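Input: a single structure, listed below in structure tokens.
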Amino acid sequence: MITYSILLLTTVTSLIAFPPNVSSIERISKPEWFQKFMFNAPLIIKERQYVRILSHGFIHANWMHLIFNMLTLYFFGPFVEKSFKSLFGPMGGIIFLVFYLSAIIISTIPDLIKHKDDYYYNAVGASGAISAVIFAAILFRPDMRIMFIFLPIPVTAWIFGLLYLLYSYYMTKRNVDNIGHNAHFWGAVFGFVFPIILKPGLFLYFIDRIIY
């Protein structure tokens, strides 16, 4: 499945590119990849290093960052991929791949604009795309129950989604930690909107599942 291919590729490239302060596998370690492929708006815009806008989604800052994102992809990705295949037939797998790669890019555009002159702002990780996958799952099954390790309480998916957006927006405004809440927010929005653009009837389906 495409999900597992993305998961494997991201895990391997992240292990290779772990920064020097993170324990990695010495035989394959290339920590210079971390600097070469991370998101940096001025390098993308002014120095035309366009690969960074996509490549940053395939490297991670540390083990915990990688494990959390890949576990989330493992749990939600196959369901979303199958849903795309069910909706779009033989092209569903390709559309899912385009969806995932686009989510990496789209989720960073606000930061690309906001930090266009800030050489000190860098970002790595697949969190924007992972947020998109979660919210596509919420669109397809708004009445399912979601539970995370750090929040061991089952929450109805659409309620979780609303709380997630509010939290991400709030933390973006506060700007008090080193987490890309802005990418989380816009990745989530993209994940919800993208399937609706292709199949507008999904929105009515979503509303029906919430009401009934």
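The values are calculated or read from the model by the stated rules, or taken from the named source; none is laboratory data. Predicted model, so just to flag it, every value in this text is computed and none were measured. Here the Cβ positions follow ideal geometry from the backbone for every residue, glycine too, while neighbour counts run over all protein chains shown.
Couple of notes before you dig in:
- Within segment 98-132, the set of residues being over 8 Å from the mean Cα position of the chain (by Cα) and among the β-branched types (Val, Ile, Thr) comprises 98, 105, 106, 108, 109, 113, 124.
- Of the residues making up segment 101-127, those that are buried (at least 17 other Cβ atoms within 10 Å of the Cβ) and touching a His at 6+ places or on another chain (Cβ under 7 Å) are 123, 124, 125, 127.
- Test for residue 110: is it modelled with pLDDT under 95, touching a helix residue (DSSP H, G or I) at 6+ places or on another chain (Cβ under 7 Å) and outside any helix (DSSP H, G or I): no
- Among the residues of this structure, residue 90 does not count as one that is outside any helix (DSSP H, G or I) and not polar (S, T, N, Q).
- Qualifying residue in segment 9-16 (condition: surrounded by 15 or more Cβ atoms within 10 Å (Cβ to Cβ), closer than 26 Å to residue 195 by Cα and aliphatic (A, V, I, L, M)): no
- Residue in segment 131-140 that is touching a His at 6+ places or on another chain (Cβ under 6 Å), closer than 30 Å to residue 22 by Cα, modelled with pLDDT of 95 or more and assigned to a helix (DSSP H, G or I) present: yes
- Annotation: residue 45 fulfils all but one of (1) under 25 Å from residue 178 (Cα atoms); (2) aliphatic (A, V, I, L, M); (3) buried (at least 19 other Cβ atoms within 10 Å of the Cβ); the unmet one is (3).
- The helices (runs of 4 or more DSSP H) falling completely within segment 26-82 that include 1 or more residues that are among the hydroxyl-bearing types (Ser, Thr, Tyr) map to 52-55.
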